[in-house]
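Below is one structure, written out as structure tokens; comments come after it.
The values are calculated or read from the model by the stated rules, or taken from the named source; none is laboratory data. Small disclaimer: the values here were computed from a predicted structure and weren't measured. Here the Cβ positions follow ideal geometry from the backbone for every residue, glycine too, while neighbour counts run over all protein chains shown. Quick note on the areas: whole protein, heavy atoms, side chains included, nothing else; ligands and nucleic acids left out. Shrake-Rupley method; radii C 1.70, N 1.55, O 1.52, S 1.80 Å.
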Amino acid sequence: MSDDLDDVRTLAKTFMEREAAPHMERWAKEGAVDRDFWNKAGDAGLLCISIPEEYGGGGGTFAHEAIIAEEQAKAVDDGWGNSVHSTIVAHYIHAYGTEEQKQRWLPKMASGEMVGAIAMTEPGAGSDLQALRTSATRDGDDFVINGAKTFISNGLHCDLVIIVTRTGGEGAQGLSLIVAETKDLPGFSRGRQLDKVGLKYQDTMELFFEDMRVPAANVLGGEAGLEQGFVQLMMQLGQERLIIAVGAVAAAETAVRLAVDYAKEREAFGRPILKFQNLRFELAECKTEALAARTLVDHAIGLHLEGKLDAATASMAKYYATDKQCELVDRCLQIFGGYGFMTEYPIGRMYASARVQKIYGGTNEIMKELISRTL
């Protein structure tokens with residue numbers, strides 16, 4: 001932490017209290033945040049905060065992104081897809097885009113004019129990226145894209161989507177990343193807004209491409225980016241998995257805090273339930289395990305800031321933190337009794353939303369497979 005990071009934390013906390021908290025219940029019913037919420041976040045300087053200032057970003061580091069993700073988790077806001085937009089999509093463009101691509105797209109993402117999404121998962125392919133079937137065929141100055149994607153975060157609002165598509169042969173070597181600007185784009189359509197167990201207002205969609213023409217100049221990295229999609233994906237997945245771990249730890253810590261506060265107020269048999277030894281010991285264990293997860297994630301953040309984070313450590317942080325998130329939220333919910341099962345209580349919403357953390361960004365089983373390769 002530093003004074004600069006403390007300032008970002010204060011900014012993010014205030015923004016979430018003012019612009020998100022009053023609308024969460026309505027957003028959950030509508031299935032998405034308001035589109036102008038993205039513009040407000042851009043005006044506040046919270047979008048693309050780790051992208052250099054020359055491209056409209058905040059000039060910060062991953063630590064700044066982590067602070068924003070933590071404050072979002074503390075506010076029990078599980079629907080705003082900023083981590084996908086700022087920490088994932090923007091960094092693909094910054095890391096691999098041509099200068100013209102970076103100048104064209106990043107400032108609009110930083111302002112909120114464009115919302116970013118990345119389309120990897122297909123109905124028949126998830127963690128196994130080599131099995132993807134969406135295809136892009138060269139036709140003159142364009143690529144013609146056909147296929148379908150599912151479980152796409154920010155799918156409803158996205159103005160810019162990075163599509164993982166097959167421009168070559170089978171397997172990993174035939175994949176490229178092609179960027180589509182979706183506004184009034186013939187052949188692009190959005191399918192169902194998917195009804196999920198949790199993350200009720202994270203706009204998760206099906207996307208369809210039918211003879212959709214995208215300029216060949218939109219291959220991420222230009223001609224040099226052709227057939228480099230798998231390598232580009234592998235290089236960025238560590239940061240994606242780490243930001244998931246950051247949110248997981250913050251959610252676990254928030255669950256413990258909510259449970260402690262409730263235990264101090266709730267009475268049974270004439271005294272606060274925190275006075276019962278079994279419950280105190282349960283919360284003591286939860287607090288300890290949340291700190292253990294925090295320590296691992298902070299260690300991984302430190303490595304990442306030094307450019308030393310490897311795939312195995314990122315996988316350790318992701319699987320361990322998300323496992324602990326699910327476990328600790330469940331244990332803390334038990335303390336609330338029947339109220340914990342009500343969606344009007346934050347702990348109930350946190351319980352429903354935690355489960356997917358062990359699935360996206362690479363399932364935790366895949367994380368263990370990656371770790372095992374280093375044994």
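Mind giving me the nanometre distance, one decimal, between the label points for Ala44 and Tyr339, set 7 Å out from Cα along Cα→Cβ? Placing both labels 7 Å along Cα→Cβ, they lie 2.8 nm apart. Distance between the modelled labels on Lys308 and Val231, one decimal in nanometres: 2.6 nm (7 Å Cα→Cβ projection). Any chance you could tell me what percent of the C-alpha pair distances in the range 256-375 go past 24 Å? Taking all Cα-Cα pairs of the range 256-375, the fraction more than 24 Å apart is 38 percent. Asp141 to Glu170: FRET efficiency via 1/(1 + (r/R0)^6), r the Cβ-Cβ distance, R0 30 Å, to the nearest 0.05? According to the calculation, E is roughly 0.70.
Taking a point 7 Å from the Cα of Phe281 along the Cα-to-Cβ direction, the residues of the range 311-335 with backbone N closer than 18 Å to it are 331-332, 334-335.
Ranking His85, His23 from most to least accessible surface, computed with a 1.4 Å probe over the protein chains only, gives His23, His85.
Spatially, the range 90-111 and the range 1-38 are offset by 24 Å when compared through their Cα centroids.
Using the Cβ-Cβ distance between Ala224 and Asp195 with R0 set to 45 Å, the FRET efficiency works out to roughly 0.65.
Across the accessible surface of the chain, with the other protein chains kept in place and a 1.4 Å probe, carbon and sulfur atoms take up 53 percent. Modelled label positions at Arg266 and His23, each set 7 Å beyond Cα in the direction of Cβ, lie 3.2 nm from each other.
For the range 213-276, what percent of Cα pairs sit more than 15 Å apart?
More than 15 Å apart: 71 percent of the Cα pairs in the range 213-276.
Solvent-accessible surface of the range 179-246, taken per residue with a 1.4 Å probe and all protein chains present: 44 Å². Using C-alpha pairs under 8 Å with a sequence gap of at least 6, the mean separation divided by the residue count of the chain gives a relative contact order of 15 percent. Rolling a 1.4 Å probe across the protein heavy atoms gives the range 283-371 an accessible surface of 49 Å² per residue.
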